[in-house]
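This report concerns only the one structure given below.
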Amino acid sequence: MVLTYSQKFAMGKSMPNFSLPATNGQTYSPDNFKDKKAIVVVFTCNHCPYAKLTKPKLHNLDKLYKDKGVQFLAINSNESKNYPEDSFAKMKEEHYNYPFLYLRDESQEVAKAFGAVCTPDIFVYDHEQKLAYRGQLDDERPDDNLPLSQNEPGYAKDIKAALDKLVAGQPPDKNQKPSMGCSIKWKE
């Protein structure tokens, strides 16, 4: 595992265009989400311990925010020849899938267009599909002795603060900590 931190970006950058297949058999692009107050794009995968740590949090955040106009998208861009657990077939298995859209970026062009470098790498876009947040869910790491409980103040605090602002029509705080995780597994 190569620990990698997400890179700082200037806020306000438009969401890159894409057309990706999802585990539900449909294909999606940013046009499908024009009516949303915010779009959370998480580059993730099935095998990374950091991605595994964030998965239940993403499930809970989706429950908390989907009725508030927030769309969550998980995108797996890892190559699957050396990481078969990250294949599209495995993504479709129930224990890997998400309650929201899980998309496959087989060519890895979408990850490159976004500037994604790690799993998870989190991008949050506002109602105009402009980048408003690029950072971590919270301070928890896979090697922490006890995982944060959903009721603890630190649980997903960074992204919740950003989403609460966006849902209220305000920009998130500009002081954003980078997300960290395994490097995206690029094709040779």
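The values are calculated or read from the model by the stated rules, or taken from the named source; none is laboratory data. Please read all numbers here as calculations on a predicted model, not as lab measurements. Here the Cβ is made from the backbone with ideal geometry for all residues, glycine too, and neighbour counts use every protein chain on show.
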Exercise for review: Considering only region 64-94, state which residues are closer than 30 Å to VAL167 by Cα, charged (D, E, K, R) and touching a residue at least 12 places away in the same chain (Cβ under 8 Å).
Suggested key: LYS66, LYS68
**Study point:** Single match in ASN46, ASN60 (criterion: in contact (Cβ under 8 Å) with a residue 40 or more places away in the chain, surrounded by fewer than 19 Cβ atoms within 10 Å (Cβ to Cβ) and polar (S, T, N, Q))
**Key:** ASN60
Exercise for review: From (1) touching an Asp or Glu at 6+ places or on another chain (Cβ under 9 Å); (2) hydrophobic (A, V, I, L, M, F, W, C); (3) without any contact (Cβ under 8 Å) to a residue 60 or more places away in the chain; (4) farther than 26 Å from THR23 by Cβ, pick out the condition that doesn't hold for ALA132.
Suggested key: (3)
Exercise for review: Those residues that are in a helix (DSSP H, G or I) and either of a type outside the set (Ser, Thr, Tyr) or over 13 Å from the mean Cα position of the chain (by Cα) (or both), I need them from region 10-57; list them, please.
Suggested key: PRO30, ASP31, ASN32, PHE33, PRO49, ALA51, LYS52, LEU53, LYS55, PRO56, LYS57
Study note, to complete from the structure: If we keep only residues of region 1-43 that are surrounded by 17 or more Cβ atoms within 10 Å (Cβ to Cβ) and of a type in the set (S, T, N, Q), then the residue modelled with the highest pLDDT is THR23
Revision key, fill the gap. Out of (1) part of a loop (DSSP other than H, G, I, E, B); (2) in contact with a helix residue (DSSP H, G or I) (Cβ under 8 Å, 6 or more places away or on another chain), the one VAL124 does not meet is (1)
**Study point:** Failed criterion for TYR102 (all others in (1) at pLDDT 95 or above; (2) assigned to a helix (DSSP H, G or I) hold)
**Key:** (2)
Check your understanding: Under the condition of being at pLDDT below 95 and within 16 Å of the chain's Cα centre (by Cα), which residue from region 162-182 is farthest from ASN78 (Cα to Cα)?
Key -> GLN176
